[in-house]
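Here is the structure we will look at, set down as structure tokens.
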Amino acid sequence: MHRSESEWHSVLRAYEQRGAQTQIEFCRARSVSLSTLQWHLRKRSQASAESGLVVRGPAIPTEPRLVRIELPSSPAPVEVVVGGSIVRVIVGTDVTYVSALVAALKRC
């Protein structure tokens, strides 16, 4: 589906107000391609940086966001999805290690 600039402006404004919804959830709810949303976010961020304007809130979160999860009663691994990768860690794995691993994967 092709959207006009004004439609994308509305989509990006709705994205800024999404609350705890992830990018994937936001895209599914609005039938938007994740890669297209991210492209428009980067485009807006770059345009703002070049013009000296400040965009309300980060276009793409730079810090990890904490999400409450319920752990299984069995010692099954926990899956962390990073981009197109899935990392499985055992409950009790050092959080600092997992955070560093996720940050490294995001840079790839």
How many nm is it between the label spots at V67 and V81, if each spot is 7 Å from the Cα in line with the beta carbon?
0.7
Give me the one-decimal nm value for the distance between modelled label points at W39 and S10, 7 Å along each residue's Cα-to-Cβ direction.
2.1
Nonlocal amide H pairs with T22, under 5 Å, H built at 1.01 Å
none
Residue-ordered couplings for the range 96-107, obtained by feeding phi - 60° into the Karplus form 6.51 cos²θ - 1.76 cosθ + 1.60 and rounding to whole Hz (Gly and Pro as x), are 4, 5, 4, 4, 5, 4, 4, 4, 5, 5, 5, 6
From the backbone phi of the range 86-93, what are the Karplus-calculated ³J(HN,Hα) couplings (6.51 cos²θ - 1.76 cosθ + 1.60, θ = phi - 60°) in whole Hz, Gly and Pro given as x?
10, 10, 9, 10, 7, 3, x, 4
Give the long-range amide H neighbours of V82: residues separated by 5 or more places, or on another chain, with amide H under 5 Å away, using H modelled in the peptide plane at 1.01 Å from N.
V87
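Every number in this text was worked out from the coordinates using simple rules, so none of it is lab data. Note that this is a predicted model, so its numbers are computed, not measured. Using ideal geometry, Cβ is built from the backbone for each residue, glycine included, and neighbour counts are taken over all protein chains shown.
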